[in-house]
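Rule-based calculations on the coordinates, nothing more; no lab input. On a predicted model such as this, the values are computed, not experimentally measured, just so you know. Don't worry about glycine lacking a Cβ; one is built from the backbone with ideal geometry, like all the others, and counts go over all protein chains shown.
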Amino acid sequence: MADFEQFVGPQIVVLMVSTTQPEDIAAFAQRVGETWKIGRPGVGDGLLLIVAKDDGRLWIAPAKALERVVPDSEARQVSRDVIAPALREGNYFGGLERGVQALIGRISGEGLPKMVAVPPGSFMMGSPASEEGRRDSEGPVREVRIAYTLEVGQHEVTRREFGRFLAATGYRTEAERDVGAQGCAAWGGSKWEYTAGRHWRNPGFDQGEDHPVLCVSWNDAQAYLRWLNESLPGRGYRLLSEAEWEYVARAERGSTPYPWGNDEGGREQCAWANGADATARRQIAGASGWTVANCSDEHAYTAPVGSYRANAFGLHDLHGNVWEWVQDVWHDNYAGAPSDGSAWMTGGDPSRRVLRGGSWFDSPRILRSAGRNWSTPDYRIDIIGFRIARTL
Ligand SMILES: [Ca+2]
């Protein structure tokens, strides 16, 4: 009898056969038919059977499509909500086999942002009073102890990764839903303005699929995370907390303001972070008077993720490229903030969510590890994206 894995969800059963012997498959098919009362599904060179228990529909695909399946206890929890969009996504382009591959990718996590494990540790959060460019909101400095292993997106979520979510679900971002009235805020050469017709696909400048997604609100980021968690139940994908963000950004470099040390706006920035630099000043309308780094990184706007140096945890682009939404409600300072790495969700101003890291638009001081900003959760602009995380 063929070995097989059986993934059972509330309404769906996925059966994976690991043989190419026709007699084994025939026996297996018979057993499946008896078990699920669906009749004999036929014989090929290996089968993937997806049986919808509620209506008895059956799909069959070649066994070679199974080669990349990672047996995963979490896959036992897959639900119809996961499988149906995956099949739709695949079928739309390439028929049944593609659909099954899309499903397998969903189950095994293919297409997820690449994740990096970050060890537990403690650090001093905030900036000392002596730090150049410091704001009062960056204190009081306090010790934060993170007693768990984090898993953090190595990069900001890309257009390709975000696009998979939209293709699978039909979700429309807030900028797209509101496209006629507002769209996405864009730099007009002298100020920021909501610009009709602008959204993640059309932010107003060229972006490759490996650039960070823009024009996504905090609410859009949450929708993406809900989809990930429905697709991969039990993993608990979320945004970083603000404390976790600063922990992974400082990456055991202590209190130095920048990931490259103390040098404000010098040449090193262009190796480490896509901020405003001589390239931006040359190419962006209205940028001739900006305070920029004394170097050229050749990216006036966003850069492909991972173009700059990784920090000691192996993470890229925490500083610059795009601002990153974190989970926390905005507080004007850290008095009373939790010290265990959890997001600070009580008190403060619940109409504001925290942003960290600065962007392609921002001057060096804004890129400091301690730098903070905020926006309303429905705000979208071509300098804000996000990064995902979870607790291991
Ligand atoms: Ca730049």
Find how much the distance from N333 to D210 grows on full extension, using 0.36 nm per residue of separation minus their present alpha carbon separation; answer in nm with one decimal. 40.8 nm
So how many Å³ per residue does the convex hull of the Cα atoms of the stretch 116-391 work out to? 115
Would you mind computing, in nm to one decimal, how far apart the modelled labels at E193 and S122 are, each placed 7 Å from Cα along Cα→Cβ? 5.2
Pop a pseudo-label 7 angstrom from the Cα along the beta-carbon direction at both E230 and R172 and give the gap in nm to one decimal. 1.7
In order over the stretch 141-153: 3J(HN,Hα) from phi, Karplus 6.51/-1.76/1.60, θ = phi - 60°, whole Hz, x for each Gly or Pro, gives 4, 8, 7, 10, 10, 9, 9, 10, 7, 9, 10, 10, x
If amide H atoms are built 1.01 Å from N in the plane of the peptide, which residues on other chains or at least 5 residues away come under 5 Å of the amide H of T195? C184, A185, A186
Starting with the highest mean, order 128-140, 317-329 by the number of other Cβ atoms within 10 Å, averaged over the residues of each peptide. 317-329, 128-140
Amide H to amide H under 5 Å from V322: which residues, 5+ apart in sequence or cross-chain, H placed 1.01 Å off N in plane? W360
Using Cα centres only, tell me the gap between the stretch 348-369 and the stretch 110-151 in whole Å. 14
Take R309 and N219, extend 7 Å from each Cα along the Cα→Cβ direction, and tell me the distance between the two endpoints in nm. 4.1
J(HN,Hα) series, the stretch 185-192, from Karplus relation 6.51 cos²θ - 1.76 cosθ + 1.60, nearest Hz, glycine and proline x: 6, 9, 6, x, x, 9, 7, 8
Could you run the Karplus curve 6.51 cos²θ - 1.76 cosθ + 1.60 with θ = phi - 60° over the stretch 210-217 and give me ³J(HN,Hα) per residue in whole Hz, x for Gly and Pro? 9, 8, x, 5, 10, 6, 10, 7
